[in-house]
Amino acid sequence: MIEKRRSPLAELALIGICAIWGLTFVMVQDAVELIPVTTFLAYRFIPAAAVVAIIFRRSLGELGRAGARAGVVMGAFLTAGYFFQTLGLERTTASNAGFITGLFVVLTPLLGALLLGHRAGAAAWVAAALSTLGLYLLSGAGGEGTRLFGDALVFLCACSFSLHILATDRALERHHHGALLAVQLGVTGAFSLVLAVAQGDLEVPRSSTVWSALVVTSLLASALGFFVQTYAQRHASPARTALILTSEPVFAGLFAYLLAGESLTAVSWAGAILIMFAIVMVEAVPRLRVSAPLPER
């Protein structure tokens, strides 16, 4: 195995992308108050898919039917993840959504063990127990119904992202990552567009809040974010890359505080800390991880 040469520039760029991903929780929450969820997701993912498809057009043309089917399966899980996350942001706080979304790191080895027979050590189950307690505390220890429902939706988002990682792990063994990304982003965008048209929700954004959220989430968080993550993984081990990516929920909480005035109670802080500890525990023990890239935001 060739040892990767560390690049501080690559790691700094990845931290910057994590900050953008954290920022998107607040921006999306504001945007979906002004435009239907399906319309927002369609406008977010169709341009992102087009950009990636143009860049990887040669690999996309060589994907074949098997690769296209794999991309569609990945797209189905990715679509579910973003729908649950965006719907959840209508009903819970951006900080809660950020920390709960990060649970996909803990859920991935567990779902891999339960569904695919992967091995998950004792530490993975300990991390799951800690994150479950953390989720309970972060949600206000069984607090009021609307936020609890929103937290539950975001938890389903984390489950969907975990399944996306497992599907990606298999697909990358045979197919080009850029072509797969173009297909799955296209699936999410197309499904959202069809649903928006069927519901009569398709409309032209009229608010700068929505337009700014679309630019950041489509071009920066999705298209650019993917390229930066790929570049960083060429210069850092998967464990180091994943540990950097765990900063995303921290940025989500920070931007929620700075831009939306959100604040966590002492109980919620305890829950957030437990979730972060569980995430780091899983990523700090290499044998607990599934060797697959994390889902593109």
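Taken together, the values in this text are just the output of simple stated rules run on the coordinates, not laboratory data. What you see is a predicted model; the values in this text were computed from it and never measured. Here the Cβ is made from the backbone with ideal geometry for all residues, glycine too, and neighbour counts use every protein chain on show.
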How do the peptides 182-188, 69-75 rank, highest first, by the average count of neighbouring beta carbon atoms within 10 Å per residue?
182-188, 69-75
Averaging sequence separations of C-alpha pairs under 8 Å and six or more residues apart, then dividing by the length of the range 40-161, give the relative contact order as a whole percent.
40
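First check a/c for the range 12-74, with a ≥ b ≥ c the square roots of the eigenvalues of its C-alpha gyration tensor; if it is under 1.5, answer rounded, and if not, answer prolate when a/b is larger than b/c or oblate otherwise. Mind showing how you got there, number by number?
Working: a/c = 2.63, a/b = 1.57, b/c = 1.67.
In terms of gyration-tensor shape, oblate.
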So, by mean Cβ neighbours within 10 angstrom, what's the order for 89-96, 205-212 with the highest one leading?
89-96, 205-212
Give the distance, in whole Å, between the Cα centre of the range 95-115 and the Cα centre of the range 165-194.
19
Inter-label distance, nm, simple model (7 Å from Cα along the C-beta direction), Leu12/Arg206
4.4
Footprinting proxy, Ile165, Ile54: sorted fewest to most Cβ within 10 Å, the residues are Ile54, Ile165
Would you mind calculating the gained length between Ala190 and Leu148 on full extension (0.36 nm times residue separation, minus the Cα-Cα distance), in nm to one decimal?
12.1 nm
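Please compute, over every Cα-Cα pair in the range 21-288, the percentage with a separation greater than 25 angstrom. Could you put the intermediate results ahead of the total?
Working: 15848 of 35778 pairs.
Percent of Cα pairs beyond 25 Å in the range 21-288: 44.
Between Arg65 and Leu114, what length comes free when the chain is fully extended (0.36 nm per residue of separation minus the Cα-Cα distance, one decimal in nm)? Don't jump to the answer; show the numbers that get you there.
Details: separation 49, 0.36 × 49 = 17.64 nm, distance 2.85 nm.
Length difference between fully extended and current span is 14.8 nm.
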Estimated inter-spin distance, Ala270 and Gln199, nm [label 7 Å along Cα→Cβ]:
3.8
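Please tell me the relative contact order of the chain in percent, rounded to the nearest whole number, where contacts are Cα pairs under 8 Å and at least six residues apart. Kindly include the intermediate steps, with their values, before the conclusion.
Working: 485 pairs, mean separation 124.0, N = 297.
The value is 42 percent.
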